[in-house]
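Student: Mind having a look at this structure? Questions to follow.
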Amino acid sequence: MKSYIGIDVGSVSINIVVVSGAGDVIAGLYLRTKGRPIEVIQNGLKEISEIIPPGMTIAGVGSTGSGRYLAGVMAGADVVKNEITAHAVAASMMVPGVQTVFEIGGQDSKIIILREGVVTDFAMNTVCAAGTGSFLDQQAQRLNIPIDQFGELALQSTAPVRIAGRCTVFAESDMIHKQQMGHQIPDIINGLCEALVRNYLNNVGKGKEILPPIVFQGGVAANIGIKAAFEKALGMPVQIPKHFSIMGAIGVAQLAKEETAKTGVTSFKGFQITGLPYRTGSFECNGCSNYCEVVEILEKDKVIGRWGSRCAKWDIV
Amino acid sequence: MSKVTFPRMGESWRTFKMLLEDLGNEVVVPPRPSKKTLDLGVRHSPEFACFPLKILTGTYLETIEMGADTIVTSGGMGPCRAGEYAMLHHKILKDLGHDMKMIVFELPRYYPFNFIKNVWTLNKSRVCIRGIISRIKRAWRKLQALDNAEKLSHVVRPREINRGATTRVYHKILDWIDQAYTTEQIIEAEAAALEAMRNIPQDHTREVLKVGIIGEIYVLLEPASNLEMEETLGNLGVEVERSMFLTGWTRDNTWTETTQGMTVKEAAAPYLPELIGGHGRDSIGNTILFAKRGFDGMVQLAPFTCIPEIVARTILPRVSRDYDIPILTFFLDEQTGKAGMSTRLEAFTELMRRKKLLLKKKNVAQKNIYIA
């Protein structure tokens, strides 16, 4: 049976999925990036090779996320796609007819507007990471609450507490102020969820026509407090797909399927790559005044990828 | 003898260098903005100031190291703080111990005497008035040649067969134009340059998208400040047309590239009837003109915290809906990570491509109905 691998290398998590030709998720991993993407990709693929049923062949591989080029050259991806397209494709697969996608990940948040299955508009947070997973992580740690209980606690709130959502620095000082005044933790957390949603809708969602069905995905969708805050702010139901945290990987696996259907072959290097030694190095190019920091990745002793330069000088074709 | 420098905006420095030298000045060519420029600029500028101010602070400090003691720059009108930058730079540099001579050109249309006085100050060789006029004319011709070469590079790049060929040829021909001195030489170099560019192997059957670029003038004109956005788009198979070139901007406020006789001001009027400073109104007006010409999308470039562009940004979604043209905005600052920008541009290109395909299918379907 043919199946397809999708790898989403994000700032906080690396997700690897195996999707069948019919679009069913056979295996899905959500792993923390921990600043070591190469190691995590290798371990993840190894784990995948052990889970998938015997007799299954990998007919295509796709990579997405901010580390998509890295994953692409390591695995030999058939398609390397931006995460906006990947998320839109996955949302359309899970919820046919979807018109709005909210995606909140570790470092960025995006909104994707679809009409009749086609992306017609999108936006990503630009200069501010307020309201993304990293900030929630940090606050959970500060309050000593496991991140997976954050949302449930928010739902227990009985009294509204307003937290400033414009900027994480303001939000944090506001939270501390409210906590020192004696407000209950669930109320503060709920206030934070509402603030983040307010910030998202005013910043990323600014000027966008938000129509149902709305799908909410990305790591932060695990937080039911945020989901409730979205529903309250919009007055519309928000759906969370079953595989909400690995949607990017699912989308790019689907794109790999479409790509290999055209070409007929896959450039996947096989699971043997999990045992290969990979090394990265970097140097400063002084060919011009840009002084680009060029990074290269070596498989055994062969350079398989280079990036970071502004011109084509160091590109490997 | 005093050593003169000026802000760097793309390749225009080649013209300014020639003109200033023609008038008998020793010129310090401002280096291309680099990491060092940013480091210096960010360290010595107010934190909340916009990106162009910071780059220029850095550039000036670099040219001072190279011996410059006079800065020629522009003033400005209307409610955009860039009009005060010459003064602010003067103060910042003075605080750092560099008492620079500033020669600030205001819009000649409103301040003719300022213009004459400044030209006279820079006229070290005491060239006669006719001599000055002919030198300005020649410099103008060179500026046009540089702009024309750049415009053509935007058309050729998305169609090139060998990736990077256009950029390589473009860098070579810039030197040809640079070395041309007399008007005849400039015209000849320009013709050769355009010819060389047209001869780059191209695939004319390729489906190329057309995107208009709007926004604040400095980040539009200096590629180092916008992470070489136009080149990146060209490599994604997108032909770009920038709303602003130095030749166009200098040509007063009247716009020659009008569509159906409409000026930028008129086009923007239903959405923004006021001048809000900077190029906010131009961004809106140009979007409408590009949309009318059938462009596939728009990219807006703005320095972070730029008020005129923020105002334009809040109006643009309505323009986008009314004219059915997708618009992507980038706020630029000192970040040099290109990954985020590439992701957005890639997704934007895909969006435009799918939209175009869908439109084509619809048109075909319509045609089939008529045939049936």
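The values are calculated or read from the model by the stated rules, or taken from the named source; none is laboratory data. Since this is a predicted model, take the numbers as computed values, not measurements. Don't worry about glycine lacking a Cβ; one is built from the backbone with ideal geometry, like all the others, and counts go over all protein chains shown. Protein only, heavy atoms only, side chains kept; ligands, DNA and RNA dropped before computing areas. Shrake-Rupley method; radii C 1.70, N 1.55, O 1.52, S 1.80 Å.
Student: Determine the order of B:ARG130, B:ARG206, A:ARG279 by accessible area, beginning with the largest, at a probe radius of 1.4 Å. Numbers along the way, then the final one.
Tutor: On the way: B:ARG130 195, B:ARG206 90, A:ARG279 120 Å².
These residues rank, largest area first, as B:ARG130, A:ARG279, B:ARG206.
Student: Nearest 100 Å² is fine: how much accessible area is buried between A and B, summed over both sides, with a 1.4 Å probe?
Tutor: Buried surface at the A/B interface: approximately 2400 Å².
Student: Rounded, prolate or oblate, given the Cα gyration tensor of segment A:244-317, with a/c below 1.5 counting as rounded?
Tutor: prolate
Student: Nearest-5 percent of antiparallel DSSP beta bridges in chain B? Spell out each step's value before the answer.
Tutor: On the way: 2 of 27 bridges.
So the antiparallel bridges amount to about 5 percent of the total.
Student: If you don't mind, another one. Explain nothing, just the number: dipole magnitude of segment A:96-240 about its Cα centre with +1 on each Lys and Arg Cβ and -1 on each Asp and Glu Cβ, in debye rounded to the nearest 20.
Tutor: Here segment A:96-240 has a charge dipole of around 280 debye.
Student: Let me ask another. Per residue, what volume in Å³ does the Cα convex hull of segment A:96-240 take up?
Tutor: Convex hull volume per residue, Cα atoms: 96 Å³.
Student: What are the GluC sites (Glu not before Pro) within segment B:297-361 that DSSP puts in a loop, where the Cβ has at most 15 other Cβ atoms within 10 Å?
Tutor: For GluC sites (Glu not before Pro) across segment B:297-361 that sit outside H, G, I, E and B with at most 15 neighbouring Cβ atoms in 10 Å, the list reads B:GLU334.
Student: With a sphere of radius 15 Å drawn around the Cβ of B:GLU62, what net charge do the other residues whose Cβ falls strictly inside it have (Lys, Arg +1; Asp, Glu -1)?
Tutor: Local charge sum for B:GLU62: +3.
Student: Calculate the mean, over all residues of peptide A:116-124, of how many other protein chain Cβ atoms lie within 10 angstrom of the residue's Cβ.
Tutor: Per residue, the average neighbour count from other chains is 5.
Student: With angles folded into 0 to 90 degrees, how steeply does helix A:185-203 sit against the dominant principal axis of chain A? Use alpha carbons for both and round to 10.
Tutor: Once rounded, one gets 60 degrees.
Student: Then there is this: Ignoring any ligand, DNA or RNA, what whole percent of the accessible area of segment A:96-240 comes from carbon and sulfur when the probe is 1.4 angstrom?
Tutor: Values: 3280 of 6290 Å².
Looking at segment A:96-240 in its full context, I get 52 percent from C and S.
Student: List the residues of segment B:29-78 whose accessible area drops by at least 20 Å² when all protein chains are present, compared with their chain alone, using a 1.4 Å probe and counting only protein heavy atoms.
Tutor: Checking the loss per residue gives B:ARG32, B:SER34, B:LYS35.
Student: Using the Cβ atoms and a cut-off under 13 Å, what net charge is assigned to the surroundings of A:ALA140, where Lys and Arg are +1 and Asp and Glu are -1?
Tutor: Once positives and negatives cancel, what remains is -3.
Student: Ok, one more. What percent does the relative contact order of chain B come to when contacts are Cα pairs within less than 8 Å and at least six residues apart?
Tutor: The value is 15 percent.
Student: Please list, by residue number, every one of the trypsin sites (Lys or Arg not before Pro) in segment B:1-110 that is coil in DSSP and has at most 11 other beta-carbon atoms within 10 Å. Each step should come with its number before you reach the end.
Tutor: On the way: sites: B:LYS3, B:ARG8, B:ARG14, B:LYS17, B:LYS35, B:LYS36, B:ARG43, B:LYS54, B:ARG81, B:LYS91, B:LYS94, B:LYS101, B:ARG109; in loops: B:ARG8, B:ARG109.
When the trypsin sites (Lys or Arg not before Pro) of segment B:1-110 are filtered for loop state and at most 11 Cβ neighbours within 10 Å, B:ARG109 remain.
Student: Give the shape of chain A as rounded, prolate or oblate, defined through the alpha-carbon gyration tensor: a ≥ b ≥ c are the square roots of its eigenvalues, a/c under 1.5 means rounded, and otherwise the shape is prolate if a/b is larger than b/c and oblate if not.
Tutor: prolate
Student: Let me ask another. Among A:SER11, B:SER153, what's the order by accessible area (1.4 angstrom probe), most exposed first?
Tutor: Result, largest first: A:SER11, B:SER153.
Student: Over segment B:68-133, what is the mean sequence separation of C-alpha contacts under 8 Å (at least six apart), divided by residue count, expressed as relative contact order in percent?
Tutor: 30
Student: Multiply the residue gap between A:SER49 and A:SER289 by 0.36 nm, knock off their C-alpha separation, and tell me the result in nm, one decimal place.
Tutor: On the way: separation 240, 0.36 × 240 = 86.40 nm, distance 4.60 nm.
Extra length from A:SER49 to A:SER289 when fully extended: 81.8 nm.
Student: Could you pull out every residue, at least 5 positions away or on a different chain, whose amide H is within less than 5 Å of the one on A:ALA27? Hs are placed 1.01 Å off N in the peptide plane, and Pro or chain starts have none.
Tutor: A:VAL18
Student: Can I ask one more? In chain B, which whole DSSP H runs stretch at least 30 Å along their own axis (Cα) and average -1.0 or higher on the Kyte-Doolittle scale?
Tutor: B:129-156, B:339-371
Student: Right, another one. I want to check the label-to-label distance for A:ARG115 and B:ALA269. Put each point 7 Å from Cα in the C-beta direction and report it in nm to one decimal.
Tutor: 2.9
Student: Same structure, new question: Between B:ASN114 and B:GLN366, what is the spin-label point distance in nm, taking each point 7 Å from the Cα along the Cα→C-beta axis?
Tutor: With each label placed 7 Å out from Cα toward Cβ, I get 5.0 nm.
Student: Which one of B:ILE315, B:VAL208, B:LEU220 is farthest out on the positive end of the charge dipole of segment B:208-372, using unit charges on Cβ (Lys, Arg +1; Asp, Glu -1) and the Cα centre as origin?
Tutor: It is B:VAL208, whose Cα lies furthest towards the positive end.
Student: Set the bar at 23 Å for Cα to Cα. Now go through A:LYS34/A:LYS178; B:LYS210/B:LYS360; A:LYS257/B:LYS210; B:LYS17/B:LYS338 and name every pair that lies beyond it.
Tutor: A:LYS34/A:LYS178; A:LYS257/B:LYS210; B:LYS17/B:LYS338
Student: Shifting gears a bit: Could you size up the charge dipole of segment A:1-152 around its Cα centre, putting +1 on the beta carbon of Lys and Arg and -1 on that of Asp and Glu, and report it in debye to the nearest 20?
Tutor: 260
Student: Where does chain A land at 222 nm, in deg cm²/dmol rounded to the nearest 500, when only DSSP H runs of n ≥ 4 count, each adding -39500 (n - 2.57), divided by all residues?
Tutor: Helix contribution divided over all residues of chain A: -11000 deg cm²/dmol.
Student: Using only DSSP helix segments of four residues or longer, with each worth -39500 (n - 2.57), what per-residue ellipticity at 222 nm results for chain B after dividing by its residue count and rounding to 500?
Tutor: After summing the helix terms and dividing by residue count, I get -17000 deg cm²/dmol.
Student: So if we plug the beta-carbon distance of A:ARG32 and A:GLN156 into 1/(1 + (r/R0)^6) with R0 = 25 Å, what FRET efficiency do we get, rounded to 0.05?
Tutor: 0.35
Student: Taking the Cα centre as origin and putting +1 on Lys and Arg beta-carbons and -1 on Asp and Glu beta-carbons, what dipole magnitude results for the protein assembly as shown, to the nearest 20 debye? Numbers along the way, then the final one.
Tutor: Working: 79 positive and 72 negative charges, 204 e Å.
That gives the protein assembly as shown a dipole magnitude of about 980 debye.
Student: Sort the protein assembly as shown into rounded, prolate or oblate with this rule: let a ≥ b ≥ c be the square roots of the eigenvalues of the Cα gyration tensor; rounded if a/c is under 1.5, and if a/c is not under 1.5, prolate when a/b is larger than b/c, oblate otherwise. Kindly include the intermediate steps, with their values, before the conclusion.
Tutor: On the way: a/c = 1.78, a/b = 1.53, b/c = 1.16.
Prolate, because a/c is 1.5 or more and a/b exceeds b/c.
Student: Under a crude label model (7 Å from the Cα following the beta-carbon direction), how far is A:ARG142 from B:ILE307 in nanometres?
Tutor: Distance between the two pseudo-spin positions: 3.2 nm.
Student: Between beta-carbons, use under 15 Å as the cut-off and find the net charge around A:GLY117, counting Lys and Arg +1, Asp and Glu -1.
Tutor: +2
Student: On a C-alpha basis, how far is the centre of segment A:288-307 from the centre of segment B:68-113 in Å? Whole number, if you could?
Tutor: The two parts, judged by their Cα centres, are 42 Å apart.
Student: Given a Förster distance of 45 Å, report the FRET efficiency between B:ILE129 and A:ASP315 from their Cβ-Cβ distance, rounded to the nearest 0.05.
Tutor: Efficiency, from the Cβ-Cβ distance: 0.30.
Student: Ignoring ligands, DNA and RNA, what accessible area per residue does segment B:163-233 give at 1.4 Å, in Å²?
Tutor: Normalised by residue count, the accessible surface of segment B:163-233 is 43 Å².
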